[in-house]
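Notes to accompany the following structure.
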Amino acid sequence: MKLYDCVILTDQRYLNDSKTDAYKHNVYYEDRLVYHALEELKLKTLRLAWDDMFFDWSTTKSVLFRTTWDYFDRFDEFSKWLEVVSKQTTLINSEAIIRWNIDKHYLLDLQNNGIHIAESHFIEQGAKVTLKQLHHILNWKETVLKPCISGAARHTYKLNLENLEQHETIFQELIANEAMMLQPFQHHIVSKGEISMMVFNGKFTHAILKKAKTGDFRVQDDFGGSVHNYTPTAEEIMFAEASVKACNELPIYARVDIFEDNDGKIALSELELIEPELWFRHHPEAAKTLAEGIHHKLK
């Protein structure tokens, strides 16, 4: 017998609210919005850390990945847990789409399905190449280097022809253990920002604009970036919904990060389908839209 309809997943750091840490409070508050939206639909709900060793995952109809933000630091452990739990309950989003989305090679699949992505070059694990050789071959002068499996800008470096040598050692250490990707530096992300578009059940609900702090290129608030309400154009909404529909299966929730590339075109930066921040505090009604999608799936 299933005791719960949906368990909202977080990690241990965010289980409790905080009166002194605004970041933790926002996480808790947004998860509570989802919790109450599910409860309003008469879905019995619980919020737990994904690595809770005492919970029997077979007692819930579904689990919803929300703020499992330590998974990429504990990837092997998370991957094994995912394999086990997927046999006991329904994952939202699914295990297949999570595993596909974890690795940024998914961008190539979306590109093959007609979605314009940021220009990217993938460097596979164990490749025998230097940063200098890559920049010469690609004829790129300013770039961003990042791992294919990452989050929160882990090992993300802004490179140019003057600083390649000082990053060579860390690059060789990284490429020995994991695949990396190199992209031309996108100047409009700094000057105009990056737009996050929230899409539930294939339909756009709301958007925010993220801007890097002066002197930085990373828009994440971990690095001092700022968040602003944003009203997207019809073209941007169409692009976001098309990006989600280009997946092998339609995810219940998605965050589509877009920007204006160096050629002035809308481009996909990331499609976040695992545990994206969905900015419910800017648009609480969207929590109800998500809950309705989960309710429909569980019927």
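The values are calculated or read from the model by the stated rules, or taken from the named source; none is laboratory data. For clarity, every value in this text was computed on a predicted model and none was experimentally measured. Because the Cβ atoms are built from the backbone with ideal geometry, glycine has one as well, and the counts that use them run over all protein chains shown.
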Inset, instruction - Could you look through the stretch 26-39, keep only residues that are surrounded by fewer than 18 Cβ atoms within 10 Å (Cβ to Cβ) and among the charged types (D, E, K, R), and pick out the one that is farthest from residue 278 (Cα to Cα)? - result: 39
Legend entry - The listed residue being under 19 Å from residue 284 (Cα atoms) and surrounded by fewer than 20 Cβ atoms within 10 Å (Cβ to Cβ), out of 2, 42: 42
Inset, instruction - Quick one: in the stretch 180-195, of everything that is among the aliphatic types (A, V, I, L, M) and assigned to a strand (DSSP E or B), which residue is nearest to residue 228 (Cα to Cα)? - result: 195
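Which fully enclosed strands (runs of 3 or more DSSP E) of the stretch 119-179 have 2 or more residues being under 25 Å from residue 76 (Cβ atoms), out of contact with any Ser or Thr (no Cβ under 8 Å at 6 or more places or on another chain) and modelled with pLDDT of 95 or more? Before you say what the answer is, go through the steps one by one.
On the way: elements: 121-123, 142-147, 157-160.
Once the strands (runs of 3 or more DSSP E) in the stretch 119-179 are filtered for at least 2 residues that are under 25 Å from residue 76 (Cβ atoms), out of contact with any Ser or Thr (no Cβ under 8 Å at 6 or more places or on another chain) and modelled with pLDDT of 95 or more, what remains is 121-123.
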Inset, instruction - Kindly establish whether residue 173 is under 26 Å from residue 138 (Cβ atoms), of a type in the set (Asp, Glu) and surrounded by fewer than 22 Cβ atoms within 10 Å (Cβ to Cβ). - result: yes
Legend entry - Filtered residue count, the stretch 56-84, keeping only those that are buried (at least 17 other Cβ atoms within 10 Å of the Cβ) and in contact with a Leu (Cβ under 8 Å, 6 or more places away or on another chain): 10
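Give the residues of the stretch 237-255 that are part of a helix (DSSP H, G or I), surrounded by fewer than 16 Cβ atoms within 10 Å (Cβ to Cβ) and under 17 Å from the mean Cα position of the chain (by Cα), sorted by residue number. First the steps, then the outcome.
Of all residues in the stretch 237-255, those part of a helix (DSSP H, G or I) come to 237-245.
Add one more test, that the residue is surrounded by fewer than 16 Cβ atoms within 10 Å (Cβ to Cβ), and what stays is 238, 245.
245, the sole residue that qualifies.
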Inset, instruction - Inspect all residues belonging to the stretch 88-108 and state whether any of them is surrounded by fewer than 19 Cβ atoms within 10 Å (Cβ to Cβ), modelled with pLDDT under 95, of a type in the set (Gly, Ala, Ser) and within 22 Å of residue 286 (Cα to Cα). - result: no
